[in-house]
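Visitor: Please read through the structure below; I'll follow up with questions.
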Amino acid sequence: MDSIIQGIAIYALPVIFAITMHEAAHGYIAKHFGDFTAFNEGRISLNPIRHIDLVGTILVPLTLFVLSKLTVGAGFLFGWAKPVPVNFSNLRQPKRDMLWVAAAGPGANLLMAFFWALVIKLGIAMPESSFAKPMVLMGIAGIEINVILMVLNLLPLPPLDGGRMAVSLLPHRLAYQFSRIEPYGFMILLGLLFSGVLGAVIGPAILWIKLFIVSVFGLYI
C-alpha cells in the first residue's frame, strides 16, 4: 500500500501538468489563428481545475494505477482531460490552421518532457538534498507521462490530434471521408488498447523518444 501511495504522490503533479499544458496549448494556438472559443470559456489557463475531467482525469487513471500495481506490480495509466473547445470554422484558414492547433498539444508535451529532464538533472546535481530523490522520481514520471501522451495523441485517428493533423494535410475529398471515422475513434482506440495492438504500435516510438531525451540531457537513470 505504501508503494501505491508513493506512486500516486510521484505521478500526480506530472499528470496534472501534462494535461493542463496540453489543453491550454490547443486553446492558445486556436486563439492565435482567430478562434476565441476556448479563450471566452476561460480554457486558456494553467489552472488544472479548468481542464480536469472527474472521470477521465482522476477516477479512471487512479483506478487503473492501483489495480495494475496490485495485480502486476507496475503502475499503468490511461485517461483524458476535458477537451478544449475549438470552432475550426472560426480559424482564418480552417483546414490549414487546424494542423497547428492540433499539433500544439503534443508539442506542449514534448516541451514538458524536456522540463522534467531538467528536473532530473537538478536532482542528480544535489545528491545530499532530501529533495533529490523525489525530484528524480517525479522527473522520470514526468518524461514517461508526457512522451506517452504526445505519441498517443499523434496517432492518425480522429478525434486524436494526429487524426486532425491528417485531416488538415489530406486532400479535401479524402479528408472528409477520413473525418467520418471520428464518432468511432474512441471505441477504436479502446479496442487497440485492450487487444495489445496499441502498445505494439506506439511502444517503440515512446522508447526511442525517451532515449533521445535522456541522451540529450546526459542522463543515466
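Visitor: Against the conditions (1) of a type outside the set (A, V, I, L, M); (2) in contact (Cβ under 8 Å) with a residue 24 or more places away in the chain; (3) not in a loop (DSSP other than H, G, I, E, B), where does G34 fall short? Just the number, please.
Guide: Here G34 meets the rest and fails (3).
Visitor: Another question, then. Looking only at the stretch 182-201, count every residue that is under 18 Å from A166 (Cα atoms) and in contact (Cβ under 8 Å) with a residue 24 or more places away in the chain and tell me the total.
Guide: Number of matching residues: 6.
Visitor: Among the residues of the stretch 165-173, are any modelled with pLDDT of 90 or more and within 15 Å of N109 (Cβ to Cβ)?
Guide: Checking the stretch 165-173: at least one residue is modelled with pLDDT of 90 or more and within 15 Å of N109 (Cβ to Cβ).
Visitor: Okay, next question. Kindly check whether there is at least one residue in the stretch 40-56 that is part of a helix (DSSP H, G or I), modelled with pLDDT of 90 or more and within 30 Å of P134 (Cα to Cα).
Guide: No; the residues of the stretch 40-56 include none that is part of a helix (DSSP H, G or I), modelled with pLDDT of 90 or more and within 30 Å of P134 (Cα to Cα).
Visitor: Given the residues M135, M98, M126, which is the only one that is of a type in the set (A, V, I, L, M, F, W, C) and touching a residue at least 24 places away in the same chain (Cβ under 8 Å)? First the steps, then the outcome.
Guide: Working: M135 fails: touching a residue at least 24 places away in the same chain (Cβ under 8 Å); M126 fails: touching a residue at least 24 places away in the same chain (Cβ under 8 Å).
The conditions single out M98.
Visitor: Listed residues L110, L99, L137; which is within 17 Å of I10 (Cα to Cα), modelled with pLDDT of 90 or more and not in a loop (DSSP other than H, G, I, E, B)? Let's see the steps before the verdict.
Guide: On the way: L110 fails: within 17 Å of I10 (Cα to Cα); L99 fails: within 17 Å of I10 (Cα to Cα).
On inspection, the qualifying residue turns out to be L137.
Visitor: For P156, state whether it is modelled with pLDDT of 90 or more, within 18 Å of the chain's Cα centre (by Cα), outside any helix (DSSP H, G or I) and more than 17 Å from F88 (Cβ to Cβ).
Guide: Values: modelled with pLDDT of 90 or more: yes; within 18 Å of the chain's Cα centre (by Cα): yes; outside any helix (DSSP H, G or I): yes; more than 17 Å from F88 (Cβ to Cβ): yes.
Judged against the criteria, P156 is a match.
Visitor: Filter the stretch 116-132 down to residues that are in a helix (DSSP H, G or I), touching a helix residue (DSSP H, G or I) at 6+ places or on another chain (Cβ under 7 Å) and not small (G, A, S), then give me how many there are.
Guide: First, the residues of the stretch 116-132 that are in a helix (DSSP H, G or I): 116-125, 132.
Next, from what is left, pick out any that are touching a helix residue (DSSP H, G or I) at 6+ places or on another chain (Cβ under 7 Å): 116-117, 119-120, 122-124, 132.
From what's left, not small (G, A, S): 116, 119-120, 122, 124.
Summing the residues that are in a helix (DSSP H, G or I), touching a helix residue (DSSP H, G or I) at 6+ places or on another chain (Cβ under 7 Å) and not small (G, A, S) in the stretch 116-132 gives 5.
The values are calculated or read from the model by the stated rules, or taken from the named source; none is laboratory data. Note that the structure is a prediction, hence the values are computed from the model and not measured. Reconstructed Cβ throughout: ideal geometry from the backbone, glycine too, with neighbour counts over all protein chains shown.
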